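**Q** Pasting a structure below so you can have a look.
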Amino acid sequence: MIFYLLRRLAGAVVLLLIVTMAVFAIFFLIPRLGGATSDQLAARYVGKSPTPAAIEQVKHSLGLDKSVPVQYGRFVKGIVAGKDYDTGVRKVHCAPPCLGFSFRNNLEVWPRLQDRIPVTLSLAAGAAVIWLLAGVSIGVISALKRGSLWDRFSMGFALAGVSLPPFFTGLVALALFSYQWPIFKGVHYVPFLDNPASWAWNLVLPWLTLAFLYAALYARLTRAGMLETMSEDYIRTARAKGLRERDVIVKHGLRAALTPILTIFGMDVGLLLGGAILTEQVYSLNGVGKFAVEAIGQQDLPEVLGVTMIAAIFVILANLVVDLLYAVVDPRVRT
Amino acid sequence: MTAPIETTGVAREAHPEAIADAAGARIEGRSLGQIAWARFRRDRVAMAGGVVIIFMVLVAIFAPLITDVIGGGPTEYHDDLLDPVLNIPTGSFGGASWDHPLGLEPVNGRDIFSRICYGARISMLVAFLATLLSVVLGVVLGTVAGYFGGWVDGLISRAMDVFLAFPLLLFAIAIGSSLQGEAFGLHGDTLRITVLIFVIGFFSWPYIARIVRGQTLSLREREFVEAARSLGATDRHIIFKELLPNLVGPILVYSTLLIPTNILFEAALSYLGVGVQEPTASWGGMLSAATPRYQDAPMFMVVPGVTIFITVLAFNLLGDGLRDALDPRSR
């Protein structure tokens, strides 16, 4: 168990390193390969109408005139050890974890991002709970009542679910339940600690929008997995030794069918952020995703870079948690 | 879901083409492809999906011809048909008429039908080419990993894990926004479409590679491969003549299922403003423009949304049908 944990932890650290390389490549290497000069690159990190001095300064502080390994080294060092920025008006020390400094807003990226994280977490966690519960139970019932009306209906529904973009379902939900029949009026984020009831009430539509897509996917996967496990020999053995049908289904069938679902859940946490971006955009929730979209709109690269890093770190952490859960569900991996 | 297929029915079914081709031979063994096609033809839902896809592809190809007849150009303004105060189309259903069957955009008054037709071009182009790219990458890396094993397999499998763990959409957004203006000698929509194709294709190869690797791993140990090897066949021969022909089925199925994912991906990126830019029409871009106006101009959001839904659903149905036809166990 300890070895398993250590191995996973080491894996996460390696993944983190790869992620910093990927982010670095996206923002500094690929544009360079595409033909951008270091001046042009630096100009993107300064305000709307950059002065030559400012460009020179940014170029220097990001090390864009140095070789690639040096640039990468500075990039990582900046995150871990912090960095000093000179905006021309004042000097700013960006304390670690320093995810950059937005020259457009004259603000550090990390503190601004911090305010957004609870919104995205609330959205993602709630949606994940809904889709896991709904998707897995729909899938199990469908598999057990294979070919029934319920099975056909729910699988048809699931197929529709995987074919609908969340930004369209969200829009339709808004038009129907917020405008036509104002049950959820003026959806906005209320911090959990301010008013838990209002927090949940406002998040119902975003949760359902985000969960719908995944619930459909999981219902399909669970159904397929359950059908496969329930036809295994050991299920017949379990029945033959006189176990109650409920125990056969839950302890022998579902448990085995759940492990692959959990793996996919771990991978989907990465994709979930994508879904969260789209959902936040539809409902104008000021989360991390909307922050990213706004940053893109304003061409504020340091902010986009910061969000990308945060998202990647979040995904790695989530994967670590899922790996641990995996060890609980499936004893075979604890070696 | 797809209609259940009776295997007994399939076995009895006559196959006129096969018999005609066999030049006189009355009893002719049917190839796997023929059996699959016979099964597939009986699957009405999948056939319907196929018809919708062909229709959409034709619309995309002939968009200029179609819009010459109905709707007019995608960037023609018809502000005379808008309510001067509210800036929304006059008349019901978003200003739908014989000239503008799906209505007009608010504010600009451009024809929605025409923009849908032109948007289909972007969607189809990006989805097909991105899928092609990821299938090529996935098949090459998947067979190499599965066939050679060892450290090669370890490296490729790790790479797949890393790719699958990344927040795709965010990375795609990041790449899209870091390549602005001019890059690689391209600019404007050409650059954006190229970026979309490469980003989507480059991030979705692991899905294909995983399946191909798994299949290769099990095929590699089969007797016919062993027989080929004992006859002195080269790795090249085994991969191209023994393994790949057996992989065509799964590759075909999962490519078909990857296309709708990529259509949604493209729509999402265009929705977030990383795809093609105004005034070029794209389905995602139309939905993005419609988002703030869902209250006074609902048709504007319903049309592109439903178009995306129908297209993606058609591909999913076709993919499911192909899987059922090629692999009867998967039902």
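The values are calculated or read from the model by the stated rules, or taken from the named source; none is laboratory data. Predicted model only: the values in this text are computed from it and were never measured. Heads up, the Cβs are rebuilt from the backbone with ideal geometry, glycines too, and the neighbour counts pull from every protein chain shown. Protein only, heavy atoms only, side chains kept; ligands, DNA and RNA dropped before computing areas. Shrake-Rupley method; radii C 1.70, N 1.55, O 1.52, S 1.80 Å.
**Q** Provide the FRET efficiency to the nearest 0.05 for the A:Asp39-B:Thr75 pair, computing r from the beta carbons and using R0 = 35 Å.
**A** Working from the Cβ atoms, E equals 0.50.
**Q** Next up: Among A:Ser198, A:Ala238, A:Val248, which residue has its Cα furthest toward the positive end of the charge dipole of chain A, with +1 on Lys/Arg Cβ and -1 on Asp/Glu Cβ?
**A** Result: A:Ala238.
**Q** From other protein chains only, count the Cβ atoms within 10 Å of every residue's Cβ in B:263-276, then give the mean.
**A** The per-residue average across the peptide is 4.
**Q** How much FRET efficiency would the formula 1/(1 + (r/R0)^6) give for A:Val70 and A:Thr263, where r is the Cβ-Cβ distance and R0 is 45 Å, rounded to 0.05?
**A** With R0 = 45 Å, the Cβ-Cβ based efficiency is 0.70.
**Q** Give, in nm to one decimal, the length gained when the segment between A:Ser231 and A:Leu325 is fully stretched (0.36 nm per residue of separation minus the Cα-Cα distance). Could you put the intermediate results ahead of the total?
**A** Values: separation 94, 0.36 × 94 = 33.84 nm, distance 2.59 nm.
Length difference between fully extended and current span is 31.2 nm.
**Q** Per residue of A:155-166, count partner chain C-beta atoms within 10 Å of its C-beta, then hand back the mean as an integer.
**A** Across A:155-166, the average partner-chain Cβ count within 10 Å equals 5.
**Q** Using label points projected 7 Å from each Cα along Cα→Cβ, tell me how many nm separate A:Arg152 and B:Leu231, to one decimal.
**A** My value for the distance between the label points is 4.9 nm.
**Q** Give me the percent of accessible area attributable to carbon and sulfur for the stretch A:1-125, probe 1.4 angstrom.
**A** That fraction is 68 percent.
**Q** To the nearest 0.05, what FRET efficiency results for A:Val14 and A:Glu294 with a Förster distance of 35 Å applied to their C-beta separation?
**A** Plugging the Cβ-Cβ distance into 1/(1 + (r/R0)^6) gives 0.60.
**Q** Let me ask something else about it. So what is Rg over Rh here for the stretch A:111-334, counting just Cα atoms and using Kirkwood for Rh?
**A** 1.03
**Q** Sort the following peptides by mean Cβ neighbour count (other Cβ atoms within 10 Å, averaged over residues), highest first: B:115-122, A:63-70.
**A** The most tightly packed comes first, giving B:115-122, A:63-70.
**Q** Which value in nm describes the separation of the simple spin-label points at B:Arg41 and A:Ala125, placed 7 Å from the Cα toward the beta carbon?
**A** So the two model labels end up 5.7 nm from each other.
**Q** When Cβ neighbours within 10 Å are restricted to other protein chains, what is their mean count per residue of peptide B:313-321?
**A** Details: counts 5, 1, 1, 4, 2, 0, 0, 2, 0.
The shielding value for this peptide is 2.
**Q** Not counting ligands, DNA or RNA, and with a 1.4 Å probe, what is A:Asp84's accessible surface area in Å² rounded to the nearest 10?
**A** Rounded to the nearest 10, the figure is 110 Å².
**Q** Suppose the chain between B:Asp83 and B:Glu223 were pulled fully straight at 0.36 nm per residue; how much longer would it get relative to their current alpha carbon spacing? It would help to have the intermediate numbers written out before the result.
**A** Details: separation 140, 0.36 × 140 = 50.40 nm, distance 7.38 nm.
Extending this stretch completely gives an extra 43.0 nm.
**Q** Also, quick follow-up: Using a simple charge model, +1 on the beta-carbon of Lys and Arg, -1 on the beta-carbon of Asp and Glu, nothing else, what dipole does the protein assembly as shown show about its Cα centre, in debye to the nearest 20?
**A** Details: 54 positive and 50 negative charges, 432 e Å.
Magnitude of the dipole: close to 2080 debye.
**Q** Could I have the simple spin-label model distance between B:Ser31 and A:Met1, label points 7 Å from Cα toward Cβ, reported in nm to one decimal?
**A** Once both label points are built, they end up 5.7 nm from each other.
**Q** I'd like the trypsin sites (Lys or Arg not before Pro) in the stretch A:239-313 restricted to DSSP loop residues with at most 12 other Cβ atoms within 10 Å, sorted by number.
**A** Counting only loop positions with at most 12 other Cβ atoms within 10 Å, the trypsin sites (Lys or Arg not before Pro) in the stretch A:239-313 are A:Lys241, A:Arg244.
**Q** Here is a follow-up. Cα centroids of the stretch B:265-319 and the stretch A:124-152: how far apart, whole angstrom?
**A** The stretch B:265-319 and the stretch A:124-152 have Cα centres separated by 28 Å.
**Q** Output wanted: per-residue J couplings in Hz (rounded whole) for the stretch B:225-234, from phi through Karplus 6.51 cos²θ - 1.76 cosθ + 1.60, θ = phi - 60°, x for Gly and Pro.
**A** 6, 4, 4, 4, 5, 5, 7, x, 5, 7
**Q** Here is a follow-up. In a Gaussian network model over chain A where Cα atoms closer than 10 Å are linked, find which of A:Arg146, A:Arg32, A:Arg236 has the largest mean-square fluctuation.
**A** Sorting by GNM fluctuation, first place goes to A:Arg236.
**Q** Among A:206-214, B:310-318, what's the highest-first ranking by average C-beta atoms within 10 angstrom per residue?
**A** A:206-214, B:310-318
**Q** Send over a whole-number figure in Å² for the accessible area per residue of chain A, probe 1.4 Å.
**A** Working: 15800 Å² over 335 residues.
Dividing the accessible area of chain A by its residue count gives 47 Å².
**Q** How would you order A:298-310, A:109-121, B:295-307 from highest to lowest mean count of nearby Cβ atoms within 10 Å? Please list the in-between numbers first.
**A** Details: A:298-310: 23.8, A:109-121: 17.5, B:295-307: 21.0.
Final packing ranking: A:298-310, B:295-307, A:109-121.
**Q** Hey, what do the phi angles of the stretch A:287-293 turn into as Karplus ³J(HN,Hα) couplings, whole Hz, using 6.51/-1.76/1.60 and θ = phi - 60°, x for Gly and Pro?
**A** These are the phi-based 3J(HN,Hα) values: x, 4, x, 5, 4, 4, 5 Hz.
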